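*Asks:* Can you keep this structure in mind? I'll have questions shortly.
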Amino acid sequence: MVHRLLCVVMSTWLLVGIGACSTGADVPVLEATPAGLQAGTPIIDTLRTPKGTLLLGQVFPNEFGVTALMLVTGDPLAVWSDLFDQAARVGFAFTAGFGNEPCWPSTATDRWWDTPGEIPIPLTGRHPTGLTGLGCDAYGDAPAGAVGKRRNLMIEMRVGSAPEPYLAHLLVRYGVYATPPLARSPAQAPAAEGPSPVLPKPFTRVPAVGAPLGQPYFDGDGDGYRVAKGSVMVAPTFPGSCGSGGFLAVVRATESTAAVVDRYAEQFRQAGLTTEDRKAVTAGSTTASKVSLTTAGGGDGTITAVTAADGATYLLVERCND
C-alpha cells in the first residue's frame, strides 16, 4: 500500500501524478494515470498507431528507422490485427516470432513474458484457465523501393493478466537495411473476432526518482539501473526483445536534457559499457540526439532524446544484453 505521507504533488502531460511516495518495500513510486498520444498517430510511412493504444512520448528515430512504444488500452487481439493488417497492405510478409502462430497465451508463473507457449487461442468458446499473460511476436520484410534494400518491421506485444509487474505494451521497430528481403513463410494474424483471453490492466503508479528502472526484466546488473534525477517515467518499463535480458523505458525530462542524458549514460558506464558514441539521428521530419554505449560481450545501452511540438523532451532509455 502506498504511503501518502510526505508526498510531492506532480503533474505532467503524459503522467498525471497524484503524489510521490514509497511502497512498503521503500521503493519510491508516483501515482499515475495512463495517457499518451492517441490512436492514429503516424509511426512512419503509412503506419499509424492502432485503435486501442496510446503512444508513449514520441516516435524515436534511430540510424535505420524508428522505434515506437505504446500502451495497449483496448482489446489486444484487435490492436494486433489492426497493425498487422496495416503492414500487410503495404507489402510486409510476416513470420511468427515463436512457434507456428504469432500470438500465444502463457500459463507460466516465472517470467511468462520470456516463455512463449503453444496454447492455441480459440476465437470462440472457453479460453485456457490460469493465464498469466498474452504475447504476440512477428517479423516482416518488404521491398524498400531501392534495388538491394529492404524494409523490416518487428512488432511485439505483451499484456499481463495481473497488475504486477505491469505489462500492456506494443513495441514497433522499423528499419531500412542494405540487404534484400529475406525468404520467409508468411504468418497469419489472429482475427479480431471475440474477446482476447487477456485484457490490459490500467497502471496506477510508476517508479519515481531513485527507484529500479529495469526490474524484473534485466538480469545481471539490473539492480544498478534507476530512474535518474530530473526525469519522470511516463509508464512502467517494458522488457523489450533481448533474449538474454533487456528493457525499454520512456521518460520525460524535467531538467536540462543534457544533464538527464548524462545521468543515464553514467549508469551504463558504471555497468561496464565504456565505448561511447553520440550523434544526431533523423527519421522523416524528426531529429533526435542519441547516445550509445557498448562493450565487447556486454551488450549496449542507448538514450534517445526527442523534443515534442509542445516543448517537452522525451527519452527512450534502452538496455540490451548480447
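Only the coordinates and a few stated rules stand behind these numbers; no lab work does. The structure presented is a predicted model; accordingly, all values stated were derived computationally and were not measured. Positions of Cβ are backbone-derived with ideal geometry, glycine not excepted, and every protein chain shown enters the neighbour counts.
*Asks:* Among A142, T132, M157, which residue has its Cα positioned farthest towards the positive end of the charge dipole of the stretch 42-177, with +1 placed on the Cβ of Lys and Arg, -1 on the Cβ of Asp and Glu, and the dipole taken about the Cα centre?
*Replies:* Of the listed residues, the answer is A142.
*Asks:* Starting from the Cα of R89, move 7 Å in the Cα-to-Cβ direction to define the label point; list residues of the stretch 37-76 whose amide nitrogen is under 15 Å from there.
*Replies:* Residues passing the 15 Å test: 40-51.
*Asks:* So, one more: Quick one: which residues, 5 or more positions from A138 or on another chain, have an amide H under 5 Å from its amide H? H modelled 1.01 Å from N in the peptide plane, none for Pro or chain starts.
*Replies:* G97, I155
*Asks:* Roughly how many nanometres apart are two label points built 7 Å out from the Cα toward the Cβ at K229 and N100?
*Replies:* Using points 7 Å along Cα→Cβ, the separation is 5.7 nm.
*Asks:* For T254 and T41, compute 0.36 nm times the residue count separating them, minus their Cα-Cα distance, and round to one decimal in nm.
*Replies:* Details: separation 213, 0.36 × 213 = 76.68 nm, distance 2.41 nm.
Extending this stretch completely gives an extra 74.3 nm.
*Asks:* Summing Lys, Arg as +1 and Asp, Glu as -1, what charge do residues with Cβ under 13 Å from the Cβ of T67 carry, T67 excluded?
*Replies:* Working: positive: R173, K290; negative: E63, E156, E318.
Value of the local net charge: -1.
*Asks:* Given H placed on each backbone N at 1.01 Å, which residues far from G299 in sequence or on other chains put an amide H within less than 5 Å of it?
*Replies:* The list, which skips near neighbours in sequence, is D322.
*Asks:* What percentages, rounded to whole numbers, describe P(r) for the stretch 27-94 computed over all alpha carbon pairs with 10 Å bin width beginning at zero?
*Replies:* Taking every Cα pair in the stretch 27-94, the percentages come to 19, 46, 26, 7, 2.
*Asks:* Follow-up. Which FRET efficiency, nearest 0.05, do T307 and T129 yield, Cβ-Cβ r, R0 51 Å?
*Replies:* Here the calculated transfer efficiency is 0.60.
*Asks:* Okay, moving on. Each label point is 7 Å from the Cα along the Cα-to-Cβ direction; what then is the distance between the points at E63 and R278, in nm?
*Replies:* Going from the E63 label point to the R278 one covers 1.8 nm.
*Asks:* Could you order peptides 49-58, 248-257 by the average number of other Cβ atoms within 10 Å of their residues, highest first?
*Replies:* Working: 49-58: 23.8, 248-257: 20.5.
The densest-packed peptide leads the list: 49-58, 248-257.
*Asks:* Once amide H atoms are built 1.01 Å from N in the peptide plane, which residues 5 or more positions from I43, or in another chain, come under 5 Å H to H?
*Replies:* R48, T49
*Asks:* Let me ask something else. Per 10 Å bin, what percent of the C-alpha pairs of the stretch 73-124 does each bin hold, from zero upward?
*Replies:* Pairs per bin, as whole percents: 21, 46, 30, 3.
*Asks:* Provide the per-residue ³J(HN,Hα) series for the stretch 62-71, in order, calculated from phi with Karplus coefficients 6.51, -1.76, 1.60 and θ = phi - 60°, each as a whole number of Hz, with x at glycine and proline positions.
*Replies:* 9, 5, 10, x, 8, 10, 9, 10, 10, 7
*Asks:* Which three extents, in angstrom, do the Cα atoms of the stretch 42-177 have along their principal axes, listed largest first?
*Replies:* Reported extents, whole Å, longest axis first: 49, 32, 26.
*Asks:* Continuing with this model, one more query. Quick one: which of K149/K201; K149/K229; K51/K279; K201/K229 span more than 30 angstrom between C-alpha atoms? Write down the numbers at each step before the final one.
*Replies:* Details: K149/K201 40 Å; K149/K229 42 Å; K51/K279 34 Å; K201/K229 28 Å.
Listed pairs above 30 Å: K149/K201; K149/K229; K51/K279.
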